[in-house]
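The values are calculated or read from the model by the stated rules, or taken from the named source; none is laboratory data. Given the structure is predicted, the values throughout are model-derived calculations rather than measurements. Cβ coordinates were reconstructed from backbone atoms using ideal geometry, including for glycine residues, and neighbour counts include every protein chain displayed. Remember, those area values only see protein heavy atoms, side chains included, never the ligands or the DNA or RNA. Shrake-Rupley method; radii C 1.70, N 1.55, O 1.52, S 1.80 Å.
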Amino acid sequence: MKSKSLVSITDFTKDDYLRILEKAAEFEKKSYQNLLDSKVIATLFFEPSTRTRLSFESAINRLGGRVIGFNDSSTSSVSKGETLYDTIRVVSNYSELIVMRHPLEGSARFASEITNIPIINAGDGANQHPTQTLLDLYSIQKTQGKLDNLNIFMVGDLKYGRTVHSLLMALSEFNATFYFISPDELRMPEEYKLYLDKIGLKYHESKEFKPNIIEADIIYMTRVQKERFSDPIEYERTKNAYVLKNEMIEDSKPGMKVLHPLPRVNEIHPDVDANAKAYYFQQTENGVYVRQAIISLILGLV
Ligand code: CP
């Protein structure tokens with residue numbers, strides 16, 4: 001791998017992504033393999049999580065490893081005022097690798113610079129969520145049979161949604177065309193659009209959902225990230241901007257799939273769950289295999 005830590009999706013190359021996806025497919029065929037042989041891995045979650053933490057812990061257990069850590073920093077000495085620096089220095093003495101989620105953008109990079117063990121970023125504020133991106137790539141490849149030249153619709157909170165930021169960067173390696181659908185307040189940040197301009201990739205921006213739906217290979221829905229808003233009135237104004245319903249995807253391609261990193265609040269109507277185009281629950285299962293691949297490649301076990 002290009003980097004021993006995974007902090008930003010751009011720490012890894014396109015070849016790294018493909019190698020991870022290949023390994024994930026092997027873990028999907030045979031998930032229980034004692035590669036960690038009782039090695040200890042720490043999961044430090046300073047922000048709530050269901051999927052990321054539990055799929056990492058399931059991945060570690062399936063690899064024969066042991067997990068230490070916390071999912072509520074108020075039960076750790078952080079609540080007594082201990083700094084992130086000290087926490088990482090200490091936990092580095094107890095584990096081979098740290099998986100960390102933290103509300104501050106740049107916190108995972110900081111952690112990776114003060115320890116000799118690998119850091120995996122499980123989400124840092126509105127910045128990056130690279131392991132989610134790798135499982136999204138795996139899900140896209142599995143459902144579309146390829147990663148190249150796809151039309152990717154990103155819908156909802158494109159401003160604060162770290163998953164779409166990481167996914168955009170990764171898919172830019174595969175000649176994607178992007179359709180950004182969001183209210184004005186939650187548009188894709190300029191820096192990402194400037195990046196697409198610079199590398200010559202096409203994107204379309206709109207507040208409307210329906211007109212281009214026939215073009216979509218993937219619709220990537222996102223939750224409006226309540227916890228990142230400084231103004232609660234703005235959240236109230238935008239929270240129900242898009243609610244995906246079956247009739248809205250009737251005209252889409254037969255192979256089109258709806259992805260969502262989850263949790264959802266109300267941006268996908270529950271009726272869509274039974275639609276063959278809904279893929280978000282299978283997507284969560286893929287997270288286990290992809291995280292097994294990431295851990296075992298970073299630790300040099302495969
Ligand atoms: N997709 C995702 O990051 O979910 P959690 O917040 O539950 O980990």
Open item on the list: Check which residues have an amide H placed less than 5 Å from GLU205's amide H, if you skip close sequence neighbours.
Closed with: PHE180
Open item on the list: Once you keep just the Cα pairs under 8 angstrom separated by 6 or more residues, what percentage relative contact order results for the chain?
Closed with: 20
- [ ] Sort out for me the Cα centre separation of the range 106-170 from the range 192-234, rounded to whole Å.
- [x] 15
- [ ] Determine ³J(HN,Hα), in whole Hz, for all residues of the range 106-123 in sequence, where each value follows from phi through the Karplus function 6.51 cos²θ - 1.76 cosθ + 1.60 and θ = phi - 60°; x replaces Gly and Pro.
- [x] x, 5, 5, 4, 4, 4, 5, 8, 10, 9, 8, 8, x, 10, 10, 7, 9, x
- [ ] Would you please give the FRET efficiency between ALA274 and PHE110, computed as 1/(1 + (r/R0)^6) with r the Cβ-Cβ distance and R0 = 51 Å, to the nearest 0.05?
- [x] 0.70
Open item on the list: Helix-only mean residue ellipticity at 222 nm, the chain, DSSP H runs n ≥ 4 weighted -39,500 (n - 2.57), per residue, nearest 500. What is it?
Closed with: -10500 deg cm²/dmol
TODO: Could you pull out every residue, at least 5 positions away or on a different chain, whose amide H is within less than 5 Å of the one on LEU97? Hs are placed 1.01 Å off N in the peptide plane, and Pro or chain starts have none.
DONE: ALA42
Open item on the list: Once you place label points 7 Å from the Cα toward the Cβ at GLN144 and SER38, how far apart are they in nm?
Closed with: 4.5
- [ ] Please list the helices of the chain that count as membrane-span-like by this rule: a mean Kyte-Doolittle hydropathy of at least 0.0 together with Cα atoms stretching 20 Å or more along the helix axis, each helix being a complete DSSP H run.
- [x] 280-298
Task: Inter-site label distance for ASP251 and LYS207 at 7 Å from Cα along Cβ, in nm - done: 2.0
- [ ] Select from GLN225, GLY200, PRO270 the residue farthest towards the positive end of the dipole of the chain; place +1 on Cβ of Lys and Arg, -1 on Cβ of Asp and Glu, and compute about the Cα centre.
- [x] PRO270
Task: 3J(HN,Hα) from dihedral phi, the range 172-180, Karplus parametrisation 6.51/-1.76/1.60, rounded to Hz, x for glycine, proline - done: 5, 7, 10, 6, 6, 10, 9, 10, 9
Open item on the list: Compute and list, largest first, the equivalent-ellipsoid semi-axes of the range 1-157 from the alpha carbon gyration tensor, each √(5λ) rounded to a whole angstrom.
Closed with: 27, 19, 14
- [ ] Please list, or write none, the lysines whose alpha carbon is within less than 20 Å of the alpha carbon of LYS142, excluding same-chain residues fewer than 8 places away.
- [x] LYS14, LYS23, LYS29, LYS30, LYS253, LYS257, LYS277
Task: Packing-based order for 249-258, 166-175, using average beta carbon neighbours within 10 Å, highest first - done: 166-175, 249-258
Open item on the list: Ignoring ligands, DNA and RNA, please state the percent of accessible area on the chain from carbon and sulfur, probe 1.4 Å.
Closed with: 47
TODO: Restricting to the chain, compute how many DSSP beta bridges are antiparallel as a %, nearest 5.
DONE: 5
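How large is the accessible surface per residue of the chain, computed with a 1.4 Å probe and reported in Å² as a whole number?
Averaged over the residues of the chain, the accessible area is 43 Å².
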- [ ] Percent of Cα-Cα pairs per 10 Å bin, from 0 to the last occupied bin, for the chain, please list those.
- [x] 6, 28, 35, 23, 8, 0
